[in-house]
Amino acid sequence: MDTTFYSLATKRHFNKSLNHFFKVNEIVEELELKGNLADIVDEQLNNNELLDDQILPIIGAVVKDKFGYSFHSFIIPTTITDFNKIQEETSKWTTIDIIMVYYDPNGKIALLNPKNLEHWERVRELTRDQLIIIYTKYLKSDDEQKIEFEAISAIEEMIAGRDVFINQKFIDHTVITKKKLKKDPTIAGQKRSTPKYSVLVTNELFHNGNVEAWKKIIESFTVSHPDLEVAIFYEGEVINNINTLFKWGKVKNGCLIFFQVIGEEIRDVSKLQKYLFEGASPRFEQFLKLGVGKILKLF
């Protein structure tokens, strides 16, 4: 008998799994906007929005299965502590996305973007005989495994301290120009919307306390990000007044409420989703401790 779903039999494990699925969907969206998984995960780990044991499942589901990155395992031939050459060289590879998974001697995992100097400063050294897995994706077109494996080989050569031949297809000299065009005032002011993210209600009922918690959370978000708006949806309808969710009296444990963030430079969506999930749970009271008129500093 297949026991895959047995862990979902308890509320705790079900909610933990659901939060993980939310997180995976959010990361997929950021990667589709040309983000780097190591940068995304690093930020979320620092904000306590992600747990260490989620890293490898996310790599397997997102990097390997969904986006089809090429990858190769590599045993580090000699300990290195100077990463300037690797960082400076890979930073030029604008057509190649790179993610590295390093297993340190203590058994811990470090997720690295070799183009990000802060990641190298944190890891400090790559130790001899330790495992590192390198993932690459050619961003200009699909089915370019030859180029992706050339990039992996070049990185392995640099880790080994050898000079490398750089394929010019690694570099797109128009990328810098494109980035500048995004700041052109003639196209400024164009708003975009995130997908609709779901929040599971885990309190027995979504009652007045949950409503007030959501008000506090959304107020904190919009005060911190005055250029962004938050839209709420329930059963396909736009909710202009969150109080109606309580007044309807039918939003209860297991229901899904959806939200969407609208604006130009969208950010902190995962943190907002996490707080809204807490606000829809029995733990809503943590958001109501401040006095009337005071704004929570959540973002």
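If you go through the range 270-282 one residue at a time, how many are part of a loop (DSSP other than H, G, I, E, B) and either of a type in the set (G, A, S) or surrounded by 14 or more Cβ atoms within 10 Å (Cβ to Cβ) (or both)?
Total meeting the criteria: 2.
Exactly one condition in (1) in contact with a His (Cβ under 8 Å, 6 or more places away or on another chain); (2) surrounded by fewer than 17 Cβ atoms within 10 Å (Cβ to Cβ) is not met by D163; state its number.
Among (1) in contact with a His (Cβ under 8 Å, 6 or more places away or on another chain); (2) surrounded by fewer than 17 Cβ atoms within 10 Å (Cβ to Cβ), the lone unmet condition for D163 is (1).
Cβ contacts < 6 Å: first residue of a type in the set (F, W, Y), restricted to the range 6-20; second residue surrounded by 10 or more Cβ atoms within 10 Å (Cβ to Cβ) and assigned to a helix (DSSP H, G or I), any location; separation 6+ or different chain. Result?
Here the result reads F14/L8, each pair linking the range 6-20 to a residue that is surrounded by 10 or more Cβ atoms within 10 Å (Cβ to Cβ) and assigned to a helix (DSSP H, G or I).
Could you please find all residues in the range 26-52 being at pLDDT 75 or above, closer than 25 Å to T94 by Cα and open to solvent by 80 Å² or more (accessible area, probe 1.4 Å)?
E43
So, K140, is that one assigned to a loop (DSSP other than H, G, I, E, B), more than 26 Å from G107 (Cα to Cα) and open to solvent by 10 Å² or more (accessible area, probe 1.4 Å) or not?
yes
Could we say that A61 is of a type outside the set (F, W, Y) and under 20 Å from I155 (Cβ atoms) here?
Considered against the rule, which asks whether it is of a type outside the set (F, W, Y) and under 20 Å from I155 (Cβ atoms), A61 comes out as no.
Would the range 225-242 turn up any residue that is at pLDDT 75 or above, β-branched (V, I, T) and in a helix (DSSP H, G or I)?
no
A quick yes/no check of all residues on (1) among the acidic types (D, E); (2) loosely packed, with under 15 Cβ neighbours inside 10 Å:
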| position | (1), (2) |
| --- | --- |
| E204 | yes, yes |
| V211 | no, no |
| K215 | no, no |
| V223 | no, yes |
| Y234 | no, no |
| N240 | no, yes |
| N243 | no, yes |
| K250 | no, yes |
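Enumerate the pairs (first residue in the range 196-210 and within 16 Å of K250 (Cβ to Cβ); second residue anywhere and basic (K, R) and modelled with pLDDT under 90) with beta-carbon separation below 7 Å, excluding pairs fewer than 6 apart on the same chain, so at least 6 apart or on different chains.
Listed pairs, sorted by first residue: V201/K252; E204/K252; L205/K252; F206/K252.
Which one of these does D129 not meet: (1) open to solvent by 30 Å² or more (accessible area, probe 1.4 Å); (2) in a helix (DSSP H, G or I); (3) modelled with pLDDT of 90 or more?
Exception for D129: condition (2).
State which residue is nearest to the chain's Cα centre (by Cα) when the search covers only the range 92-112 and only residues that are open to solvent by 30 Å² or more (accessible area, probe 1.4 Å) and either within 14 Å of I55 (Cβ to Cβ) or among the basic types (K, R) (or both).
I109
Which of the numbered conditions does K115 fail, given that it passes all the others? Conditions: (1) under 17 Å from V41 (Cα atoms); (2) charged (D, E, K, R); (3) surrounded by fewer than 17 Cβ atoms within 10 Å (Cβ to Cβ).
Every condition holds for K115 apart from (3).
Given the residues I147, I55, which is the only one that is in contact with a strand residue (DSSP E or B) (Cβ under 9 Å, 6 or more places away or on another chain), open to solvent by less than 30 Å² (accessible area, probe 1.4 Å), under 25 Å from V28 (Cα atoms) and modelled with pLDDT under 90?
I55
Given the condition buried (at least 19 other Cβ atoms within 10 Å of the Cβ), in contact with a His (Cβ under 6 Å, 6 or more places away or on another chain) and not in a loop (DSSP other than H, G, I, E, B), answer yes or no: does some residue in the range 61-83 qualify?
no
Please give the number of the condition I155 fails out of (1) among the hydrophobic types (A, V, I, L, M, F, W, C); (2) buried (at least 19 other Cβ atoms within 10 Å of the Cβ); (3) part of a strand (DSSP E or B); (4) touching a residue at least 60 places away in the same chain (Cβ under 8 Å).
(3)
For the range 252-269: of the residues being outside any strand (DSSP E or B) and open to solvent by 70 Å² or more (accessible area, probe 1.4 Å), which is nearest to K216 (Cα to Cα)?
Ranking the qualifying residues of the range 252-269, first place goes to R267.
The values are calculated or read from the model by the stated rules, or taken from the named source; none is laboratory data. Everything numeric here is computed off the predicted structure, so don't read it as measured data. Don't worry about glycine lacking a Cβ; one is built from the backbone with ideal geometry, like all the others, and counts go over all protein chains shown. Accessible surface is based on the protein model in full, side chains and every heavy atom, while ligands, DNA and RNA are left aside. Shrake-Rupley method; radii C 1.70, N 1.55, O 1.52, S 1.80 Å.
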